[in-house]
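Worksheet: one structure, shown below.
The values are calculated or read from the model by the stated rules, or taken from the named source; none is laboratory data. Worth saying up front: this structure is predicted, and the values here are computed from it rather than measured. Here the Cβ positions follow ideal geometry from the backbone for every residue, glycine too, while neighbour counts run over all protein chains shown. Quick note on the areas: whole protein, heavy atoms, side chains included, nothing else; ligands and nucleic acids left out. Shrake-Rupley method; radii C 1.70, N 1.55, O 1.52, S 1.80 Å.
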Amino acid sequence: MNDKETMLVQKISDGTVIDHVSAGKALSVLRLLGNPQNREGVTVALVMNVGSSKMGRKDILKVEGVELTDDQVQKLALIAPLASVNIIRSYRVLEKKNAVPPKTVRGVLSCTGATCVSVREKDSISSVFTMASSSPLTYRCKYCGRDLNEQEIASQLG
Amino acid sequence: MGRDAWYGRDVLSILDFSRADLELLFDSADSIVDQPVRTKKSLAGKIVATAFFEPSTRTRLSFSAAALKLGADVIDLSPDVSSLLKGESLSDTMRMLDGYADLIAMRHPSEGAALLASEVASVPIVNGGDGSQHHPSQAMLDLFTVKRLKGRIDGLNYAVLGDIRYARSAASFLYGLARYKPGKVSLVSPESLRPRNEVKDTIKKVGLKTEQHDDLESIIADVDVIYMTRIQKERFPDPNEYEKVKGSYRITKGSLANAKKGSIVLHALPRTNELAYEVDSLPNAAYMKQARFGVPVRMALLDLVLGGAKK
């Protein structure tokens, strides 16, 4: 973040900073994380639609009081594939995690095909999707071959 | 390789098989057609289960007939009188059958059902149709019919006609053609019955070049194999959409007047009104022979997968 962005939101002492979220996706990311702002002791700051040399425009989230787990970072990558995650303790960056979209996603996404066996038999099996394209991010159902596009993934997870 | 390439394998999609695999199957089916009286019961002691969760005439009966001719016993799961009515999952049902049979031939209305079955069962699964996705043994017998009647599969011009959106037989036939070097492959269908995105992607991925046409008339003089499909009424999410396209294409004696000499008409059957009964008497009509080839091709398939041919 540059000085101008820093001026918008103060540093956090303990928690997570999620940078390089596609502009307009911050609220989806918040929903993906289970709306942590509703929890006692958690403070969330959103910076939306700021300039970015890497992305043009981007969103940033600062979540005070929550450290993202690896599982959450992997899910985050599905709707914010360029995001970088900084775990903060005592105002210092303890760990950096890049949100890399996984090659295979199990049990997280749902197929949109009404007649796909992963939908009809969802009580007994988990969905499995493999990445069909990294840009635009597209996942293909292992069972019926249908694709999920970025919007569909965001609407399921966000 | 050779026969070992088939032994113990699931048959989920024709895309899982190479040209050499298919040629081996066809050679074996040829020998069965040419020597119909078999004294050797190569699958004696084996049990083949049929599990058809969707109506079937030819596929289920020809798998049963094929198994019986090879000396295997056949058990049949009837979904309408089984524990599926009590809400048993497909996974549990297939796990149970896995313990009762040496091979399971199945059909299910959901795409991916055969793949799921193969994940929970240790015995080979033969996909007799899963939703609108795959029907490998149909494509194998379709290609065998072309080879048997036309002498080759390479270099011929094909027209796949009708419901290419939902007909798994059409998609599987196209995937099978991709293993060969066909001439022109034309897809003839109204806009709403053109291939789904995942089928288009697969056709592109396997390197099959196709041309889209709105009518058969303009290309029929150049076509060697006309592959007809029934409009899959049961797979339309909206019945109104079916009403709009039903009867949108039909093969009659008249529509074959300009057909290329020696061309053949295939149809996986059953037919509704898209294929007039008056065509049956024309030399082009090959669909009843095609249906009969279901038994020798499935005999060859069962023999290769269960290893009967190795004895």
Practice problem: Give me the angle, in degrees from 0 to 90, between the Cα long axis of helix B:90-100 and the longest principal axis of the Cα atoms of chain B, rounded to the nearest 10. | Solution: 50
Quiz item: With a sphere of radius 11 Å drawn around the Cβ of B:Phe293, what net charge do the other residues whose Cβ falls strictly inside it have (Lys, Arg +1; Asp, Glu -1)?
Solution: +4
Quiz prompt | Computed over region B:136-291: relative contact order in percent, which uses C-alpha pairs under 8 Å that are six or more apart | solution = 25
Practice problem: Measure off 7 Å from each Cα along the Cα-to-Cβ vector at B:Asp222 and A:Asn149, then give the distance between these two points in nanometres to one decimal. | Solution: 3.4
Quiz item: Which value, in debye to the nearest 20, gives the size of the charge dipole of region B:116-167 about its Cα centre, when Lys and Arg are +1 and Asp and Glu are -1 at the Cβ?
Solution: 340
Practice problem: Compare B:Met94, B:Met288 by solvent-accessible area with a 1.4 Å probe and give them largest first, with all protein chains kept in place. | Solution: B:Met288, B:Met94
Quiz item: Which FRET efficiency value, to the nearest 0.05, is calculated for A:Glu40 and A:Thr130 with the Förster distance at 45 angstrom and r the Cβ-Cβ distance?
Solution: 0.70
Practice problem: Beta carbons within 10 angstrom, averaged per residue: use that to sort the peptides B:142-150, A:69-77, B:163-171, highest first. | Solution: B:163-171, B:142-150, A:69-77
Exercise. Beyond 25 Å between alpha-carbons counts as too far, so tell me which of A:Lys11/A:Lys96; B:Lys181/B:Lys261; B:Lys147/B:Lys209; A:Lys122/B:Lys200; B:Lys69/B:Lys181 fall in that bin.
Key: A:Lys122/B:Lys200; B:Lys69/B:Lys181
Exercise. Return one number: the angle in degrees, 0 to 90 and rounded to the nearest 10, between the long axis of the Cα atoms of helix A:70-79 and the longest principal axis of the Cα atoms of chain A.
Key: 80
Self-check item: Cα-only radius of gyration and Dmax that characterise the protein assembly as shown, units Å
Solution: 27.2, 89
Quiz item: Taking a temperature of 25 °C and a viscosity of 0.890 mPa s, what whole-number D in µm²/s does Stokes-Einstein yield for region B:149-208 with Rh from Kirkwood over alpha carbon pairs?
Solution: 208
Quiz item: Which Rg and Dmax, in Å, describe the Cα atoms of chain B?
Solution: 19.0, 55
Exercise. Rounded to whole Hz and in sequence order, give me ³J(HN,Hα) for region A:9-14 from the Karplus expression 6.51 cos²θ - 1.76 cosθ + 1.60, θ = phi - 60°, writing x for Gly and Pro.
Key: 9, 6, 5, 9, 8, 9
Exercise. Report, in degrees rounded to the nearest 10, the 0 to 90 angle that the Cα long axis of helix B:294-306 makes with the longest principal axis of chain B.
Key: 40
Quiz prompt | Compactness of region B:136-291 as Cα Rg over 2.2 N^0.38 Å, two decimals | solution = 0.96
Self-check item: Relative contact order %, chain A, counting alpha carbon pairs below 8 Å whose residues are six or more apart
Solution: 22
Practice problem: May I ask you to derive the relative contact order of chain B, considering only C-alpha pairs under 8 Å and at least 6 residues apart, and to give it as an integer percent? | Solution: 21
